[in-house]
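Reviewing the structure listed below.
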Amino acid sequence: MLSRAAWSLMLRKGGRGRREMHSPEAPARGEGKMPPYANWYAQRSYPMPEEPFCTELNAEQQALKEKEKGSWTQLSHAEKVALYRLQYHQTFAEMNRRSNEWKTVMGCVFFFCGFTALLIWWQRVYVYPPKPITLTDEWKAQQLQRMLDMKVNPCALALASHWDYEKKEWKK
């Protein structure tokens with residue numbers, strides 16, 4: 001939550017909303033439009049935008065708009081759909097339709113996971129030094145045998161207490 005001073009400064013600079021007056025003859029958000037479409041956002045949560053989707057009409061569309069002012073029973077289904085498309089960009093079914101964007105996202109995720117795996121493999125092969133000899137299984141076995149031969153730490157819970165020195169095997 002912003003403090004009152006930060007909020008007023010943000011509003012003064014034009015961020016997050018604007019405080020300004022406009023005349024009735026000027027369009028509310030007409031600046032920066034890209035003809036023939038308005039600054040229009042199709043959202044399920046805001047289905048009725050301030051402006052129609054298509055603002056600049058050709059002769060055929062203007063004739064259809066004039067015909068709209070009459071009785072709607074005289075309009076064909078195609079004309080009603082064309083009028084709907086002038087006002088709105090998408091239907092609710094089109095807004096709710098699933099997109100295939102998840103395929104792109106998953107493709108990028110798998111690509112970067114594969115690239116990371118290749119990078120790790122390359123580092124293990126070419127960058128890191130080879131493992132020290134003390135980490136090999138043979139060395140560990142020899143070290144364990146040496147500890148048992150020296151009877152290292154023959155306490156009740158230690159390693160040497162679990163070794164049977166006469167039979168040369170682990171106690172059961």
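By how many nm would the segment from Met95 to Asn58 lengthen if fully extended, with 0.36 nm per residue of separation less the alpha-carbon distance?
10.7 nm
Between Lys172 and Leu144, what is the label-point separation in nm under the 7 Å Cα-to-beta-carbon projection?
Computed distance between label sites Leu144 and Lys172 equals 1.9 nm.
What figure, in Å² to the nearest 10, do you get for the accessible area of Trp72 with a 1.4 Å probe and non-protein molecules left out?
Spelled out: Trp72, probe radius 1.4 Å, area about 120 Å².
Hey, could you grab the Kirkwood Rh for region 131-171? Inverse mean 1/r over distinct alpha carbon pairs, Å, one decimal.
This gives a value of 11.0 Å.
Express in Å², to the nearest 10, the accessible area of Asp149 obtained by rolling a 1.4 Å probe over the protein heavy atoms while all chains stay in place.
100 Å²
I'd like the projected area of region 41-97, averaged over all directions, using the convex hull of its alpha carbons. Report it in nm² with one decimal.
With every direction weighted equally, the projected area is 4.5 nm².
Where in region 106-147 does the label zone of Asn153 land, with the point 7 angstrom along Cα→C-beta and an amide N cut-off under 19 Å?
Inside the label zone: 135, 140-147.
At what distance in nm do the modelled label points of Lys80 and Glu68 sit from each other, each positioned 7 Å from its Cα along Cα→Cβ?
1.5 nm
Phe53: accessible area at probe 1.4 Å, nearest 10 Å²?
My reading of the accessible area for Phe53 is about 30 Å².
Once you charge only the Cβ atoms, +1 for Lys and Arg and -1 for Asp and Glu, what is the size of the charge dipole of region 41-97 about its Cα centre, to the nearest 20 debye?
That gives region 41-97 a dipole magnitude of about 220 debye.
Cα to Cα, under 16 Å, and not fewer than 8 places away if on the same chain: which lysines meet these conditions relative to Lys80?
Lys65, Lys67, Lys69
Under a Cβ-only charge scheme (Lys and Arg +1, Asp and Glu -1), can you give me the dipole magnitude of region 131-171 about the Cα centre, in debye to the nearest 20?
Numbers: 7 positive and 6 negative charges, 19 e Å.
Magnitude of the dipole: close to 100 debye.
If you rank Glu60, Glu68, Glu101 by how much accessible surface each has, with a 1.4 Å probe, what is the order from largest down? Before the final figure, lay out each step's value.
Details: Glu60 150, Glu68 50, Glu101 120 Å².
I get Glu60, Glu101, Glu68, largest accessible area first.
From the phi of every residue in region 123-139, what ³J(HN,Hα) in whole Hz does the Karplus formula 6.51 cos²θ - 1.76 cosθ + 1.60 yield, where θ is phi - 60° and glycine or proline is x?
5, 5, 7, 10, 9, 6, x, x, 4, x, 5, 6, 9, 6, 5, 4, 5
The values are calculated or read from the model by the stated rules, or taken from the named source; none is laboratory data. Keep in mind the model is a prediction, meaning the values are calculated, not measured. Heads up, the Cβs are rebuilt from the backbone with ideal geometry, glycines too, and the neighbour counts pull from every protein chain shown. Just the protein is used for accessible areas: all its heavy atoms, side chains included, with ligands, DNA and RNA removed. Shrake-Rupley method; radii C 1.70, N 1.55, O 1.52, S 1.80 Å.
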